[in-house]
2 protein chains.
Amino acid sequence: MSQIQITNAFVDEIRVWIERELISELGASLELLFPADIAELFDELNLEECKYCLDILPSEKAVEVIVELKEDTRQNLLLQYSPEEIAHKFIEEFDSDDAVDILNELPKKVSDEIISHVSDLDFSIQLVSLLHHDDNTAGGLMAKELIKVNINWNLAECTEEIRKQAENVRRVTDIYVVDDHEILLGIVSLKDIILERAYTKVSEIFESNVISAQVYSPAEDVANLMSKYDLDALPITDTMNRLVGLVTIDDVIDFVKEEADKDYQMLSGISEVVESTDKIWILSRSRLPWLIIGLGGGLMNSFVIQNFESNLSMNLQLALFMPLVAAMGGNAGVQSSSIIVQGLANDTLGSTNVLPKLTKEFLVALINGLICSGLLLLYAFITGSPGGIAKVVSIALLSVILFASVIGTVVPLILEKLKIDPALATGPFITTTNDLVGLFVYFQIARAIL
Amino acid sequence: MSQIQITNAFVDEIRVWIERELISELGASLELLFPADIAELFDELNLEECKYCLDILPSEKAVEVIVELKEDTRQNLLLQYSPEEIAHKFIEEFDSDDAVDILNELPKKVSDEIISHVSDLDFSIQLVSLLHHDDNTAGGLMAKELIKVNINWNLAECTEEIRKQAENVRRVTDIYVVDDHEILLGIVSLKDIILERAYTKVSEIFESNVISAQVYSPAEDVANLMSKYDLDALPITDTMNRLVGLVTIDDVIDFVKEEADKDYQMLSGISEVVESTDKIWILSRSRLPWLIIGLGGGLMNSFVIQNFESNLSMNLQLALFMPLVAAMGGNAGVQSSSIIVQGLANDTLGSTNVLPKLTKEFLVALINGLICSGLLLLYAFITGSPGGIAKVVSIALLSVILFASVIGTVVPLILEKLKIDPALATGPFITTTNDLVGLFVYFQIARAIL
């Protein structure tokens, strides 16, 4: 196999082979590709062409391709097969965590029927038990496949057992040590098993300090635990401390990436996780909610301004600095809220005490607000602008930056306490609020001073 | 060892032991902690207290603690030791990639002196060769530690070699296969070595399809390659295809996380990577550039508005919708640019052809712009607002959303082509530009229609 660029010429060639049913040419060409590259090729082919290719592939490789496909391509492609075919051709070949992820993507009726066709009873029981777990828990991330040995065995017995179990497990680094009741006791590395003598007892060389998580722990905690302690795999236990599964780093990376993408898109005002390659309607739908909130905010702004129309008509210069005050409030607010949201996501915020954080944000805002106001006054002085307006704008600027920073700090912390995604506080929702309050403060100050 | 919460009471206890020099109590307590937890403890102690604890720890654990520390704590703590001490106590115990990362954090003069004190000549040569690589290349991420075997050996010889080499290598999953000239030929898993018979030749069981990267490849490509092909480790070769190092998934995760944080903060208008726990002055400094750009933009806005002061005084109602038009341009622009920036970062954008992407963004903007304008007209109709203003605002809204989306799509793509970080296009810089253009378009339309 080799990494290749999926060019248009290559796709055309594949198409011609499919049309002429040149199976041996097609098979030889696909054999050279990695599963991830075949998945990329499938993006360019229609469903029937994909199915034709998939049926040619050896089943071990076919399932790897399926894992790599985009969700909607995978769904559509699988529904070309009967539930019985899906069970025997694909599901039985997957690791349990991947199998469950894919079953979860299919309609409930179809996935139930697929499981009823799985011939290995143990495996179908595993699947049903995994299907019960929430996606956002350790149980939802874990696979059942792992290698465990009994603490009373010697290494020769271990090797024998590994030989038996290894067939089902793709990558082996650590072996888990349990007692007769399946209680997790520790871990022994494959490296140590190779390096020690065959008659050494597991109990003599195993490491009893093993970090594990319970099956109902939130996925976020699992991710933070693995990142903090630099773990490649985390054993999962039930409430009795019995070993029930294993979360591997690749599953956690996918989870962390999705969460980060969600936060990023929330910050930029996009309400569902989308890619620029998604369909136009999906892209449009994901952006509309925030645009409409912005529209509503803009209309509310017009009410605020209308209230002060008399001040405005007396002093038209006030209109010149409305966008400035509104924009600066929005900027300062997002700066504060995004750093809190990021701290919450990375679990680096430390204690949950709000007051010191608030004081700090207030001081930062005070410094920045004073500098910005000072620059503005300096500008007014140099250009000889009317002093009254300059005073109003600079006081409003300082107040708005202070206010927006406090709101930006407090709102995500409150949302987190209420178990609502704090990233909500970074979107246009809060920017719009800050705009509104900013303009209101601006005109109030103008009314007081001018 | 067990995971514990670092409470204030625990920190106080540790302090008392240090003060009274109760080494055995202190040692016993630290022995129970994981390195990551000791690093957390160090955040609460002063430098001398940290040094006292570090000197008590066995050197193997001490270096793991150092790796886990925050950059500035680590720097200050290490500088409590002489270069010679740093070399013998710490650097010689690290993996080469961690050692180089830490040397890079220290003043050049100090790091040179440290290397001159490293007693293992081979290791110091490795360090010097790694120091030459740019942080943002495969060479900057890779470690020299890996296990390689010759293709002509049998598995018994391999096991013997692994036994020798494994001392320097923390985790072993794959063994790399090279020829007599160190050219990378393939890979064999530790699992296979255990499962096959001792007299089997490496050449019979090794996998020749190995994905590798060259030492000068950008770190971003390395990350995308490992994520695309789900790799835990990626062998790195020189231009002659000789195996020179190994990038492991943990290094890549750190790199990807840093890049994602940078993009997130850029989007929220923060110009350097900071955490909410950083010092007030650093937080303030990281936000000022964008606030000042916003200030400049706001002043430029005031010029635009001033140009249309006669229109404004004739029709004061125009002022009511200035914030709406400006904000919607900003929102739509950031939505477009952030999705392009994310696509570039995840390498999911596909071909580099700009036209289809632009057409798509234009269509999405057209749909959303029409919906928003329609809602606005509906609102004006229901509330019986003056028709002229409603017409101006809705046409301006559509134009601004279209314009901002196109700018938001094109600018990050252009920056990428110019090898400038495209995330720059998501910050307040582009929002400010969109504000400006939005107001200009708004008043031009007003002048034409009213």
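What follows is calculated from the coordinates using simple rules that are stated; it is not laboratory data. None of these values were measured; they are calculated from a predicted model. Cβ: placed from backbone, ideal geometry, glycine included. Neighbour counts: every protein chain shown.
Roughly what % of DSSP beta bridges within region B:148-249 run antiparallel, to the nearest 5?
70
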Please pull out the direction-averaged projected area of region B:134-178, using the convex hull of its alpha-carbon atoms, in nm² to one decimal place. 3.7
Checked region B:8-141 against the a/c 1.5 cut and the a/b vs b/c comparison, axes a ≥ b ≥ c from its Cα gyration tensor; verdict prolate
Measuring from label point to label point, each 7 Å out along Cα→Cβ, what is the B:Ala198 to A:Glu309 span in nm? 9.7
Name the shape class, rounded, prolate or oblate, that the alpha-carbon gyration tensor gives for region B:280-449, where a ≥ b ≥ c are the square roots of its eigenvalues, rounded holds for a/c under 1.5, and otherwise prolate holds if a/b is larger than b/c and oblate otherwise. oblate
Under 5 Å from the placed amide H of A:Thr137, counting only residues 5+ away or on other chains, we find A:Ala219
Percentage of interatomic Cα-Cα distances in region A:5-45 larger than 15 Å: 35
Estimated vicinal HN-Hα couplings, Hz - region A:33-48 in sequence order (Karplus 6.51, -1.76, 1.60; Gly, Pro = x): 9, 6, x, 4, 6, 5, 4, 5, 4, 4, 4, 8, 9, 7, 4, 5
The answer for A:Arg171, listing residues at least 5 apart or on another chain whose modeled amide H is closer than 5 Å to its amide H, is none
Ordered shortest first, which distances in nm separate the 7 Å Cα→C-beta label point of A:Val354 from those of the other copies? 4.8
Spatially near lysine pairs across region A:8-141, Cα under 17 Å, sequence gap of 8 or more or different chains: 5
Straight-line reach from B:Lys357: which aspartates and glutamates fall under 13 Å, measuring Cα to Cα and dropping same-chain residues less than 8 apart? A:Glu275, A:Asp278
Using a label position 7 Å from Cα in the Cα→Cβ direction, what is the ascending list of nm distances from A:Lys164 to the same site in the other copies? 3.7
So what is the calculated 222 nm ellipticity per residue for the protein assembly as shown, using -39500 (n - 2.57) for each DSSP H run with n of 4 or more, over all residues, to the nearest 500 deg cm²/dmol? -20500 deg cm²/dmol
In a GNM of chain A with a 10 Å cut-off on Cα contacts, which of A:Leu103, A:Leu320, A:Leu141 has the highest mean-square fluctuation? A:Leu320
Give the shape of region A:1-79 as rounded, prolate or oblate, defined through the alpha-carbon gyration tensor: a ≥ b ≥ c are the square roots of its eigenvalues, a/c under 1.5 means rounded, and otherwise the shape is prolate if a/b is larger than b/c and oblate if not. rounded
Partners for A:Lys201 among lysines (Cα-Cα distance below 17 Å; same-chain residues under 8 apart left out): A:Lys148, A:Lys191
Would you please give the FRET efficiency between A:Glu258 and B:Asp179, computed as 1/(1 + (r/R0)^6) with r the Cβ-Cβ distance and R0 = 30 Å, to the nearest 0.05? 0.10
Out of the DSSP beta bridges found with both residues in the protein assembly as shown, what percent are antiparallel (nearest 5)? 75
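Once the Cβ-Cβ distance between B:Asp120 and B:Asn76 is put in as r, and R0 is 22 Å, what FRET efficiency do you end up with, to the nearest 0.05?
After rounding, the FRET efficiency stands at 0.25.
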For chain B: relative contact order, % (alpha-carbon pairs under 8 angstrom, 6 or more apart): 11
Relative to the other copies, what are the label-point distances for B:Asp179, with labels 7 Å from Cα along the C-beta vector, expressed in nm at one decimal and sorted shortest first? 5.6
Please list, in order along region A:310-315, the HN-Hα scalar couplings obtained from phi with the Karplus expression 6.51 cos²θ - 1.76 cosθ + 1.60 (θ = phi - 60°), rounded to whole Hz, x for Gly and Pro. 5, 4, 5, 5, 6, 9
Counting Lys and Arg as +1 and Asp and Glu as -1 over every other residue whose Cβ sits under 12 Å from the Cβ of B:Glu196, the net charge comes to +2
Would you kindly derive the ³J(HN,Hα) couplings of region B:358-364 from the backbone phi angles with the Karplus curve 6.51 cos²θ - 1.76 cosθ + 1.60 (θ = phi - 60°), listing them in order in whole Hz, with x for Gly and Pro? 5, 4, 4, 4, 5, 5, 4
Please report B:Met266, B:Met314, A:Met240, B:Met142 as a ranked list, fewest other C-beta atoms within 10 angstrom at the top and most at the bottom. A:Met240, B:Met314, B:Met266, B:Met142
In whole Å, how far is the Cα centre of region A:208-261 from that of region A:77-124? 25
Please give, to one decimal in nm, the separation of the simple spin-label points placed at A:Asp221 and B:Ile280, each 7 Å out from Cα toward the Cβ. 3.6
For labels at A:Ser59 and B:Val128 in the simple 7 Å Cα→Cβ model, what's the distance in nm? 5.8
Beta bridge orientation in chain B: antiparallel %, DSSP, nearest 5: 75
